[in-house]
Structures are given as structure tokens and as C-alpha cells.
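S.K.: Take a look at the following structure, please.
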Amino acid sequence: TQLLEQSPQFLSIQEGENLTVYCNSSSVFSSLQWYRQEPGEGPVLLVTVVTGGEVKKLKRLTFQFGDARKDSSLHITAAQPGDTGLYLCAGGNAGGTSYGKLTFGQGTILTVHP
Amino acid sequence: KAGVTQTPRYLIKTRGQQVTLSCSPISGHRSVSWYQQTPGQGLQFLFEYFSETQRNKGNFPGRFSGRQFSNSRSEMNVSTLELGDSALYLCASSLDGQFNQPQHFGDGTRLSIL
């Protein structure tokens, strides 16, 4: 069974600070997706990375997929209150037994105080 | 472009009853995946449908079932409801369920069992 461990579980910071969320596994994943979820809503896709070592930037958010495709990180620069939410990483695999299946980490609850 | 639509948004049932949840995917998406989200277990994969066929299944009892129609809409059924079935049920759609295709989620159905 593949597992994804996210850390930290909770993060409470002040507006303007930087932060990094980590997503680690002992297994290789073919792809890694990051989502943000707000209360009462479904997860919203932020990014998909599929190549080991890949780095993607989305405004103040930087996503990295580890060279060995076992880990990923999300870095937010100058956090804003609007960044508050539950951040989830999810891994996908190629192959017939993996169709449509994402394995999710437990999530990181981020609170950004004004 | 309309997103993934789930109905109903909220349901209250009692133990022993059964329930049917509905999911309309993004137009053109043929793969629909279902997940259960609880505070203790996080997001767990239930099953995936593509072209009216279940291609993948998670570790849930047979009380959880689903189907997909020719227009890619999907339904999920839970029979003989138990208290532990209280959760947010999310569906996600993608083009074909492959690992490199991002999954887009609906806002979920909140199921409460009394």
C-alpha cells in the first residue's frame, strides 16, 4: 500500500511570511497533484507534476517534484490571508490497476493571520 | 465551462437505509472517480468508472457500489447505512483517468447518518 505523509499537519503564520509544506513517500509515484480545499467545498487543483525534478511556479506558489518521484514540496512566498485552507498532495500511478486513483496525504491546515 | 456537479449537497439518513448520490462530470470527461473524506481517514478512493465500466476499486465493503451512464454521469449507492458512513463524498472527473490527467472535484455530498 502506497502512503503519502504530509508535514506539518498544522501551520499558523502571519501575513507576509514564507512557508513550505512537504509531501513524502517511500514509494515512487508517476504524478503528484496539489490541491487546496476550503470548508464546505471540494478540493481545487493547483498543479500537476509528472517529471522527476520538475519545478512549477504559480504566482507566489512554487511546487517541486523530487528527482526520485517520491517526494514533493509546496512553497508559498509572502503568504496572504486568502491562502488559508487545507492543502492536499495526491499521487497517481500509471498502469491498469491505478486508473482514476489518487492516493492522498492527510493534509496541511494553513492559517494566515492578517 | 461547467465544473463537476454533485447532488444533493446534503443528506441525512438513518442506520439501515440506503442512499444514492449523483455526479455529473465536466463535459468531455469520461472518467469519474469517487472518494470518501472523513476527519480521521482523510480522502480515500472508492472506485473509478470509464465508459460505463468499473476499472478500479478501493478497499471498501460491497455495500458501496456505483455505476456510470452513457453520458458519463455517475451514481454511487450505499446500502445498509452505518454510523461510520457519515462523511463527505466527493467525485472527480478527468479526461481518461490516466495518471497525468488532472482530476477535477465537485463540492461533494455531505452524508450524515443518525
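S.K.: Checking residue B:76 against (1) at pLDDT below 95; (2) in contact with a Ser or Thr (Cβ under 8 Å, 6 or more places away or on another chain); (3) not hydroxyl-bearing (Ser, Thr, Tyr), which test does it fail?
M.R.: If we test residue B:76 against (1) at pLDDT below 95; (2) in contact with a Ser or Thr (Cβ under 8 Å, 6 or more places away or on another chain); (3) not hydroxyl-bearing (Ser, Thr, Tyr), just (1) comes out false.
S.K.: Restricting to segment A:1-37, count the residues that are within 11 Å of residue A:89 (Cβ to Cβ) and free of Cβ contacts under 8 Å to residues at least 12 places away in the same chain.
M.R.: 0
S.K.: For segment B:65-76, enumerate the residues that are in contact with a Gly (Cβ under 7 Å, 6 or more places away or on another chain) and either more than 14 Å from chain A (Cβ to nearest Cβ) or closer than 17 Å to residue A:104 by Cβ (or both).
M.R.: Correct list: B:75 only.
S.K.: Then there is this: Determine whether residue A:82 is more than 26 Å from residue B:44 (Cα to Cα) and free of Cβ contacts under 8 Å to residues at least 40 places away in the same chain.
M.R.: So residue A:82 fits the description; yes.
S.K.: Return only the number of the condition from (1) at pLDDT 95 or above; (2) within 14 Å of chain B (Cβ to nearest Cβ) that residue A:80 does not satisfy.
M.R.: Looking at each condition in turn, residue A:80 falls short on (2).
S.K.: Here is a further query. Within the bounds of segment A:44-57, is there any residue that is out of contact with any Phe, Trp or Tyr (no Cβ under 9 Å at 6 or more places or on another chain), closer than 25 Å to residue B:33 by Cβ and not charged (D, E, K, R)?
M.R.: No, every residue in segment A:44-57 fails to be out of contact with any Phe, Trp or Tyr (no Cβ under 9 Å at 6 or more places or on another chain), closer than 25 Å to residue B:33 by Cβ and not charged (D, E, K, R).
S.K.: When you scan segment A:54-64, do you find a residue that is within 11 Å of chain B (Cβ to nearest Cβ) and either loosely packed, with under 15 Cβ neighbours inside 10 Å or part of a strand (DSSP E or B) (or both), even just one?
M.R.: no
S.K.: Counting only residues that are at the interface with chain A (Cβ under 8 Å from one of its Cβ atoms) and in a loop (DSSP other than H, G, I, E, B), which one in segment B:89-100 is surrounded by the most Cβ atoms within 10 Å (Cβ to Cβ)?
M.R.: Once the filter is applied, the top-ranked residue is B:97.
S.K.: Report, by residue number, each residue of segment B:47-85 that is in a strand (DSSP E or B) and touching a residue at least 60 places away in the same chain (Cβ under 8 Å).
M.R.: Within segment B:47-85, just B:78 meets the criteria.
S.K.: Here is a further query. Looking at (1) hydrophobic (A, V, I, L, M, F, W, C); (2) assigned to a strand (DSSP E or B); (3) over 14 Å from the mean Cα position of the chain (by Cα), which is the only condition residue B:23 fails?
M.R.: Going through (1) hydrophobic (A, V, I, L, M, F, W, C); (2) assigned to a strand (DSSP E or B); (3) over 14 Å from the mean Cα position of the chain (by Cα) one by one, residue B:23 breaks only (3).
S.K.: What pairs come up if the first residue lies in segment A:54-73 and is farther than 16 Å from residue A:7 by Cβ, the second is part of a strand (DSSP E or B) and hydroxyl-bearing (Ser, Thr, Tyr), and their beta carbons are under 6 Å apart, counting only those six or more places apart or on different chains?
M.R.: Every condition considered, the pairs that remain are A:65/A:72.
S.K.: Can you tell me which residue in segment A:92-107 is surrounded by the fewest Cβ atoms within 10 Å (Cβ to Cβ), limited to those that are closer than 14 Å to residue A:33 by Cβ and more than 7 Å from chain B (Cβ to nearest Cβ)?
M.R.: Per the stated criteria, the residue is A:103.
Yes/no per residue for (1) touching a helix residue (DSSP H, G or I) at 6+ places or on another chain (Cβ under 8 Å); (2) hydroxyl-bearing (Ser, Thr, Tyr); (3) outside any loop (DSSP other than H, G, I, E, B); (4) crowded, with 18+ Cβ neighbours inside 10 Å:
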position: A:6; (1), (2), (3), (4): no, no, yes, yes
position: A:17; (1), (2), (3), (4): no, no, no, no
position: A:26; (1), (2), (3), (4): no, yes, no, no
position: A:33; (1), (2), (3), (4): no, no, yes, yes
position: A:40; (1), (2), (3), (4): no, no, no, no
position: A:48; (1), (2), (3), (4): no, yes, yes, yes
position: A:52; (1), (2), (3), (4): no, no, no, no
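The values are calculated or read from the model by the stated rules, or taken from the named source; none is laboratory data. Here the structure is a predicted model, which is why all the values come from computation and not from measurement. Cβ coordinates were reconstructed from backbone atoms using ideal geometry, including for glycine residues, and neighbour counts include every protein chain displayed.
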